[in-house]
Amino acid sequence: QVNILCDKYPDNLTYQAQKASEFMQNGDHEEAIVLLDDILSKNPFNFSTLTSRGHAQKTLGRTDQAIKSYQSAYQIKPDHGEAFFSLANLKTYNFSKDETNSLKSMINDKFVSDDEKVFMHFALAKAYEDEEDFKRSFEHYKKGNDYKHTKSMFNLKDFEIECQNQKEVCTKDLFETKKDWGFESSEPIFILGLPRVGSTLIEQIISSHSSVDATHELPNIIATALKLNKRQIQNMESRYPDILLGLSDPQLKLIGENYVKDAEVFRSKGIYFIDKMPNNFKHIGLISLILPNAKIIDIRRNSMSACFSCYKQLFAEGQEFTYNLENLAGYYNGYVDLMKHWNEVLPNKILSINYEDVVNDFEISVKKILDYCELPFEKACLEFYKSKRSVKTPSAEQVRQPIYTSGMDYWKNYEPYLDDLKNNLKY
């Protein structure tokens, strides 16, 4: 569709920018940069295009170029909060005194929009964090999160009901009755759990293997669940997950086959591919029925560390449970409880990996992961940080460095402000 528009209106830069966005969504960041450079040659003051180019450069590991793009964007539009946040989101960038002072001034400016101020609060939180002023840093994380929470549609009660429904429908009997139904492909490797717990690291390790493609956090499983849920809304038995009880072998096979086919656009030449959507932990029952030979890796981290890492991250979209500490605790509790259920009804199906074990016993953990995936050992998996592949998640810079232990108990710097989290966590 965007090609049709670009052909018909070759001078429309908005359509050109949309085309660049589609390139980025499909993983072709080099092509996107070419197009974005062309737009900037025609309109050098297009700050949003500069920010988009920074995102593409960051994804390809060109950090210095990304920094220049982001800085150019806010120099054109000083209150362009996304550019400041994007610098913070590199995780390795340190704000100058002038940048910090500019941010402090703008968050008190009544003419700057609240949406821009959210980006600025997260950026300032990172600036104070780097100065080890954790009290002031937390104040800004809280302000940014509080605003996002007012816009959030997440409801903890609904999430708990969703998890309970999965437990009631997806029983051991269901999986024994429909054993080996579905599409027999062993190509997919699912990495799931909470965001910001080390999934990008595990993805980088496995995708460094010559037989494995990294894709993205694919929305396909969640989209499949939504489609199944809309089949006959008025009839409970035809809603998801209840509908799984009545699906036949050919139906499950077709859904699994379509999933594998739909992932092809993100793949290159690997025999296997990774789907790193963390929220897929809610749909392990569906995955096991449509793709009985798929590999499933559950990566988890110390609960305080995992939850606070989510809290200090401003997500591009989704993950709305992360903007409130009580919701975060409830979500983590529900996740652990649901994973216990999956491990009971699908024994030996899921590989559980602790982030702390990967950091402390790296080689042993890598071999364990490769053995589970039935992949022969390759040294490249130990040297994952040398991989040149594009990385879209906030951990892009971190997984381009060797393993480090400094971040493991980082939450303790903020411990005095995390009672709402600590008091509500069960694990």
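The values are calculated or read from the model by the stated rules, or taken from the named source; none is laboratory data. Because the structure is predicted, anything quoted here is derived from the model rather than measured. Note: ideal-geometry Cβ built from the backbone for every residue, glycine included; neighbour counts use all protein chains shown. For accessibility, only protein heavy atoms count, side chains too; no ligands or nucleic acids. Shrake-Rupley method; radii C 1.70, N 1.55, O 1.52, S 1.80 Å.
Condition check ((1) free of Cβ contacts under 8 Å to residues at least 60 places away in the same chain; (2) within 24 Å of ASN94 (Cβ to Cβ)) across all residues:
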position	(1), (2)
THR150	yes, no
VAL169	no, no
GLU176	yes, no
GLY182	no, no
LEU192	no, no
ARG196	no, yes
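Each row is one residue, and each column tells you yes or no for (1) farther than 29 Å from PRO241 by Cβ; (2) part of a helix (DSSP H, G or I); (3) open to solvent by 50 Å² or more (accessible area, probe 1.4 Å).
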site: ASN145; (1), (2), (3): yes, yes, no
site: GLU160; (1), (2), (3): no, yes, yes
site: PHE175; (1), (2), (3): no, yes, no
site: GLU184; (1), (2), (3): no, no, yes
Would you check if ARG196 is closer than 22 Å to PHE321 by Cβ, out of contact with any His (no Cβ under 7 Å at 6 or more places or on another chain) and of a type in the set (Lys, Arg)?
yes
Kindly check whether there is at least one residue in the range 375-388 that is touching a strand residue (DSSP E or B) at 6+ places or on another chain (Cβ under 8 Å) and surrounded by 19 or more Cβ atoms within 10 Å (Cβ to Cβ).
yes
Residues of the range 267-298 classified as more than 16 Å from TYR331 (Cβ to Cβ) and open to solvent by less than 10 Å² (accessible area, probe 1.4 Å), total:
14
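To keep it simple, each residue is scored yes or no on (1) open to solvent by 40 Å² or more (accessible area, probe 1.4 Å); (2) touching a residue at least 12 places away in the same chain (Cβ under 8 Å).
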residue	(1), (2)
GLU30	yes, yes
VAL34	yes, no
ASP37	yes, yes
ASN46	no, yes
THR51	no, yes
TYR70	no, yes
TYR74	no, yes
ASN94	yes, yes
If you go through the range 35-55, how many residues are farther than 20 Å from ASN3 by Cα and either of a type in the set (Val, Ile, Thr) or in a loop (DSSP other than H, G, I, E, B) (or both)?
5
Is the range 116-135 home to any residue that is in contact (Cβ under 8 Å) with a residue 60 or more places away in the chain, touching a His at 6+ places or on another chain (Cβ under 8 Å) and more than 27 Å from THR14 (Cα to Cα)?
yes
Is it fair to say ALA83 is open to solvent by less than 10 Å² (accessible area, probe 1.4 Å), modelled with pLDDT of 95 or more, closer than 16 Å to ALA123 by Cα and among the aliphatic types (A, V, I, L, M)?
yes
